[in-house]
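Take a look at the structure set out below.
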Amino acid sequence: MTSAAPGNTSEQTGQQGGSGSTIGGLTGAPSVSRAKELVARVVGGKDNAPVEMTAPFTGKPIVSLPQATDADARAVFDEARRAQRAWANTSIAERQRVLTRLMTLVLDRQQEGLDLVQVEAGKSRLDAFDEIAGTALAASYYGKYSARALGVKRRAGVFPVLTKTQELRHPKGVVGIISPWNYPLALTGLDVLPALAAGNAVVQKPDNQTALSALWLHELAEEAGLPRGVWQIVLGRGSVIGDAIVEESDYVAFTGSTATGKRLAGKIAERLTSFSLELGGKNPMIVLPDANVEKAATGAVAACFSSAGQLCVSVERIYVHETIREDFAAAFAAKAKELTLGAKLDYSAGMGSLTSADQLKTITEHVDDARAKGATVLAGGRARPDIGPLFYEPTVLTDVTPDMTPFAEETFGPVVSIYGYSDIDDAVQRANDTVYGLNASVWGSNGAHAREVAARIKAGTVNVNEGFAASFGSIDAPMGGMGDSGVGRRNGAEGILRFTEVQTVATQRGLKLRPFKGMPPRLWARSLTTGIKALRHLPR
Ligand code: NAP
């Protein structure tokens, strides 16, 4: 395994033009003054008990983040509510234009966005680019599609021709969005942009570890024409401002752990507010006997080690048919060992760092527990402080048994276990033997057969001959989890309609829905009975 410690290479040394030292002590990173400029965009709690962000690559400081109190957060909602009224009155077309301009800005200014994601999340630059691409795709998609989703729809009326029935979509009001640290830019884009497109204001609480990416997108959105106040970012600990978000929002979109999601869902339900939860996973991959071993092993590297495995849809369990298991395990372990670890702001590394000390602790515990109970480590299995304080090698395990922590628990890191199977029913049953149901992957040469297997897996998205990127990038299709992996979906029509209240307006002309004057009710009932039976012959 090759490696590169934090160094002097940068694609755009000095391009940020800021004065003073760079954030995280990384050469070529944005300046501290630029980071402070972004933090100044935060609305509530400007001076409270700041939290110091640190860069995973170096452990060095990035910038101080002010923290809101409960009262600060509630005041932010008041401002957002005022701004929302005017925003809801702008045309859908105008909101679409803002998103389309934003897409162009995100792509044109990507160097700074890539730097910020790398510095605060510790990702490789390629993984950071996935965030730029995901955000631009979301802006492009909702910039084009929201009019179709939100426009007034004609529905079949009770009496054909005489009843004109329409479905209208109204914004919810102020949407509260709680985001995690692992995809700070893309998950901001995928949730905030459709909420705005639907005419809502947004109050977003990013994770303190990775708040700069969201603030960067916020700056670009206002440059693209989003009126001030419509999207508010409030910084604070969930334990301090969580209640304010739950109690003040007209809709809550939460992304994070299943444990937090369940806690919040109980509180939100008490207020009869609607919500979506995008939670954890223990995602399986099935390699069918006719799969191309080389391609499946290459695909598994991306599926398991993108963003150092700190990706809700990344694969942590691989079931391989016994006829090819040894070949696959050897090819996959070799590729994992070849993956370059690095801490530079360029495209030289195949995998970046873990994001926090908590992550390093969890991953070390999972691997140590498996090793102590007899698992075989085919690749990786150790931290790499020589590269940076939070680096951990891409790790491939076999002989993992149910008593070992990584067998069923989400590791959320670069750790994957390989299991053999002989019977496809057994593989599907084991893939489904989990409380989660977020993402899955199936590999095989016969596409139709692989899709049949895919449809039997209990997961919100299943990728055939891909790990996660095919469904993740298909913004037109819903994405989300079954079981403990969540409630509701982001992306596609569901991704924007969840942020609306639906209303039916039915206009009756001519015939009234009661007996005509002088008509005996029995005759009315009989006529209607005949009419309802005849309805089935009408084209829909
Ligand atoms: P987490 O601990 O649940 O935190 C997620 C967010 O919730 C953070 O911003 C956190 O802020 C906030 N939070 C925590 N307690 C809160 C409360 N009582 N009220 C309001 N907000 C609260 O999750 P995580 O460990 O950071 O994220 C990793 C997990 O997210 C993994 O399980 C992963 O699978 C899942 N995930 C799922 C998806 C998906 O789309 N399904 C995507 C990405 C990640 P504080 O830390 O400040 O409290």
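Quick rundown of the values:
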quantity: Contour excess over end-to-end distance, with Cα ends at K517 and D403 and 0.36 nm allotted per residue; calculated: 33.4 nm
quantity: Neighbourhood net charge (10 Å Cβ-Cβ; Lys/Arg +1, Asp/Glu -1) for S276; calculated: 0
quantity: Under 17 Å from the E37 label point (7 Å along Cα→beta-carbon), backbone N, segment 207-236; calculated: 212-224
quantity: Accessible surface of the chain, 1.4 Å probe, proportion on carbon and sulfur as whole %; calculated: 54 percent
quantity: Amide H contacts under 5 Å for Q166, placed H, 5+ residues apart; calculated: R155, V505, A506, T507
quantity: DSSP-defined beta bridges in segment 283-473 - what % are antiparallel, rounded to 5; calculated: 15 percent
quantity: Top positive-direction residue, dipole computed over segment 69-278 with Cβ charges, set A224, V234, G157; calculated: G157
quantity: Chain lengthening between V487 and K144 when straightened (0.36 nm per residue, less Cα-Cα); calculated: 120.9 nm
quantity: Residues of segment 23-46 with amide N under 20 Å of a point placed 7 Å along Cα→Cβ from K60; calculated: 23-39
quantity: Over the chain, volume per residue of the alpha carbon convex hull, in Å³; calculated: 173 Å³
quantity: Net charge of Cβ neighbours under 11 Å - reference T22; Lys, Arg +1; Asp, Glu -1; calculated: +1
quantity: Summed residue charge, Cβ within 12 Å of V415's Cβ, Lys/Arg positive, Asp/Glu negative; calculated: -3
quantity: Rounded to 5, the percent of DSSP beta bridges in segment 69-278 classed as antiparallel; calculated: 15 percent
quantity: By average C-beta atoms within 10 angstrom, highest first, the peptides 32-38, 62-68; calculated: 62-68, 32-38
quantity: Whether segment 69-278 is rounded, prolate or oblate, judged on the alpha carbon gyration tensor where a/c under 1.5 counts as rounded; calculated: oblate
quantity: Simple spin-label estimate for T340 and V502 in nanometres, 7 Å along Cα-Cβ; calculated: 5.1 nm
quantity: Segment 69-278, accessible area per residue, ligands and nucleic acids excluded (1.4 Å, Å²); calculated: 34 Å²
quantity: Distance (nanometres) between label positions extended 7 Å along Cα→Cβ at A86 and A357; calculated: 4.5 nm
quantity: Prolate/oblate/rounded call for segment 283-473, Cα gyration tensor, a/c under 1.5 rounded; calculated: prolate
quantity: Contour excess over end-to-end distance, with Cα ends at N292 and A259 and 0.36 nm allotted per residue; calculated: 8.1 nm
quantity: Two-decimal Rg/Rh across segment 282-361, once Rg and the Kirkwood Rh are taken from alpha-carbon atoms; calculated: 1.01
quantity: Among beta bridges that DSSP assigns inside the chain, antiparallel share in %, nearest 5; calculated: 35 percent
quantity: Value of relative contact order over the chain, rounded to a whole percent, pairs C-alpha under 8 Å and six or more apart; calculated: 17 percent
quantity: Per residue accessible area in Å² of segment 283-473, where ligands, DNA and RNA are left out and the probe is 1.4 Å; calculated: 36 Å²
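The values are calculated or read from the model by the stated rules, or taken from the named source; none is laboratory data. This is a predicted model, so every value here is computed, not measured. All Cβ positions, glycine included, derive from the backbone under ideal geometry; neighbour counts span all protein chains shown. Side chains included, ligands, DNA and RNA excluded: accessible areas come from the protein's heavy atoms. Shrake-Rupley method; radii C 1.70, N 1.55, O 1.52, S 1.80 Å.
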